[in-house]
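Below is one structure, written out as structure tokens; the observations come after it.
The values are calculated or read from the model by the stated rules, or taken from the named source; none is laboratory data. Model, not experiment: these values are computed from the prediction. Backbone-built Cβ (ideal geometry, glycine too); neighbour counts: all protein chains shown. These accessible areas exclude ligands, DNA and RNA; they are computed on the full protein's heavy atoms, side chains included. Shrake-Rupley method; radii C 1.70, N 1.55, O 1.52, S 1.80 Å.
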Amino acid sequence: MIRSIENIQVSGKRVIVRVDFNVPMDSSGSITDDTRMVASLPTLRTIVGAGGVAVVMSHLGRPKGEPNLRYSLRPVAEHLATLIDVPVAFVPSCIGPEAEEATRNASAGSIIVLENLRFHAEEETNDEAFAASLARLGDVYCNDAFGTAHRAHASTAGIARHFSERCCGFLMRKELDYLGSALESPKPPLVAVLGGSKISGKIDVIKVLLGKCQAILIGGGMMFTFLKAKGLNVGNSLVEADRLDLAAELLAQAERSGVQLQLPIDAIVADKFANDARTAIVSIDDIPSDMMGLDIGPRTSELFASIIGNAGTVLWNGPMGVFEMPSFESGTRAVAAAMAHATEAGAVTVVGGGDSAAAIVQFGYHTGVTHVSTGGGASLEFLEGRVLPGVAALEVS
Ligand code: AMP
């Protein structure tokens, strides 16, 4: 069982909150997107509102285990102070006497933001002594950083066993509930939409989904390995030659288990990998040898939208084309729109993190779906049925 922060009595206690404040910044150190910070506010407000002290810890960037002021959380702490109406103090260390004293002396209802965890190499090696030093800063441990839960780091894994009172925050709870119920008790039919560049990163998730979905719609670069495995000419499109047998096996497995594994029926092809390429819309069995497919075509978009429209639950992971280039964004935009329409019609729609989350935000449909995961790698591993170390560490009997 995993407890939630709202069920723990935190008054007068110091609550360590592992958040994901790994926010993008420009060269002057200004935060360019504070979505992740805003998303953590419900958990922080609950703690300070109940008279606890929130001791906030996070990583930021890749300082490679050494202090590097470029990656300091100080500007993040300053920004947090503008988002919440309680005192926010920054401590320029995350372990040691200064941090211990600051957390001991903090007044109830205030927030302390510690310096970047990754200034210490021991964070990513899940070092036992480092985890113990972090644990000295609180009485309760709360993890609200789903995006790093698939990594066994000191602040996500090692630290938790030092606390009998350990729990998840609202953000983590939402991820576990939505991703968990989409897989374990979905409103049928369950439809998965998979894209992205390659099959290789998504083999395990495809295998799991084949056992759970009524339909799997395949777009993105990975579609061409499937199409080639079926004997079609894919021109210069991205193909993983060493995965052709696997693609054929997955197609056969879908057939055997009666799952509709739907490949595109048309594509947008280009003469080069560039936004200003010469393009054409072609039937999927008519891809010219000297061109490459960079998006699904309009008939496929319509077909996918109609299958999504009839779904009870939709899980989407990976863009349908090279959506970063306007010439090849239409398929991904169509799926994003279809997800929003399906939601309006009563479907549960869940977007895996990473590129598909970025895409749905780019097209403005993120508020129209049931849940957009904050964790790319973490949501993929969760859907693969793997135990996430940062989640397992929160279990209490
Ligand atoms: P992934 O990291 O595997 O989820 O892949 C995401 C990337 O796949 C995005 O950056 C897309 O630009 C890229 N992508 C999508 N469709 C294609 C395609 N047809 N050819 C090459 N790359 C693609």
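Each residue in the range 90-144 was checked for being of a type in the set (A, V, I, L, M, F, W, C), open to solvent by 50 Å² or more (accessible area, probe 1.4 Å) and touching a residue at least 60 places away in the same chain (Cβ under 8 Å), and 1 of them qualify. Residue selection: VAL234 satisfies the criterion of being more than 16 Å from the chain's Cα centre (by Cα) and crowded, with 21+ Cβ neighbours inside 10 Å. For SER164, the conditions (1) more than 18 Å from the chain's Cα centre (by Cα); (2) within 30 Å of ILE16 (Cα to Cα); (3) within 16 Å of the ligand (Cβ to nearest atom) all hold with the exception of (3). Exactly one residue out of ARG70, ARG74, ARG18, ARG62 is under 22 Å from the mean Cα position of the chain (by Cα), open to solvent by 50 Å² or more (accessible area, probe 1.4 Å) and assigned by TED's automatic domain parsing to the domain that holds PRO92: that is ARG62.
Among the residues of the range 375-395, those that are surrounded by fewer than 22 Cβ atoms within 10 Å (Cβ to Cβ) and either aromatic (Phe, Trp, Tyr) or modelled with pLDDT under 95 (or both) comprise GLY376, GLY377, GLU381, GLU384, GLY385, ARG386, VAL387. Give the residues of the range 1-37 that are free of Cβ contacts under 8 Å to residues at least 40 places away in the same chain and within 11 Å of TYR141 (Cα to Cα), sorted by residue number. None; the set is empty. Beta carbons closer than 6 Å, at least 6 apart along the sequence or on distinct chains, pair a first residue in the range 295-308 that is closer than 17 Å to HIS341 by Cβ with a second that is away from the ligand (no atom under 15 Å from the Cβ) and in a helix (DSSP H, G or I) for ALA305/ALA338; ILE308/ALA338; ILE308/ALA342. Going through (1) closer than 23 Å to PRO189 by Cβ; (2) open to solvent by less than 20 Å² (accessible area, probe 1.4 Å); (3) not in a loop (DSSP other than H, G, I, E, B) one by one, ALA311 falls short only on (3). Per the listing ALA311, ALA334, the residue uniquely closer than 20 Å to PRO264 by Cα and in contact with a strand residue (DSSP E or B) (Cβ under 7 Å, 6 or more places away or on another chain) is ALA311. Name the single residue that is farthest from the ligand (Cβ to nearest atom) among those in the range 211-221 being in contact with a strand residue (DSSP E or B) (Cβ under 7 Å, 6 or more places away or on another chain) and modelled with pLDDT of 95 or more. This residue is GLN214. In the range 192-204, the qualifying residues are those that are surrounded by 23 or more Cβ atoms within 10 Å (Cβ to Cβ) and away from the ligand (no atom under 11 Å from the Cβ), and the one that is nearest to ALA241 (Cα to Cα) is VAL193. Does ALA305 meet the test of being more than 29 Å from ARG36 (Cβ to Cβ), open to solvent by 60 Å² or more (accessible area, probe 1.4 Å) and in the same structural domain as GLU240 (by TED's automatic domain parsing)? So ALA305 fails the test.
Cβ-Cβ distances below 8 Å connect the following pairs, each with a first residue in the range 242-267 that is among the hydroxyl-bearing types (Ser, Thr, Tyr), a second residue that is not in a strand (DSSP E or B), and a separation of six or more residues or different chains: SER257/LEU210; SER257/GLY211.
In the set GLY180, GLY147, only one residue is in a helix (DSSP H, G or I) and outside the structural domain of ARG70 (by TED's automatic domain parsing); that residue is GLY180. With respect to the conditions (1) outside any helix (DSSP H, G or I); (2) aliphatic (A, V, I, L, M); (3) open to solvent by less than 10 Å² (accessible area, probe 1.4 Å), ALA152 lacks only one, and its number is (3).
Every test in (1) under 26 Å from ASP204 (Cβ atoms); (2) open to solvent by less than 20 Å² (accessible area, probe 1.4 Å) is passed by THR370 save one, and that test is (2).
All but one of (1) touching a residue at least 12 places away in the same chain (Cβ under 8 Å); (2) under 27 Å from the mean Cα position of the chain (by Cα) hold for ASP271; state the number of the condition that does not hold. Going through (1) touching a residue at least 12 places away in the same chain (Cβ under 8 Å); (2) under 27 Å from the mean Cα position of the chain (by Cα) one by one, ASP271 breaks only (2). Taking the range 248-263 on its own, how many of its residues are among the hydrophobic types (A, V, I, L, M, F, W, C) and either within 15 Å of the ligand (Cβ to nearest atom) or at pLDDT below 95 (or both)? Residues that pass the stated criteria total 1. A residue that is in a helix (DSSP H, G or I) and within 16 Å of the ligand (Cβ to nearest atom) occurs nowhere in the range 264-283.
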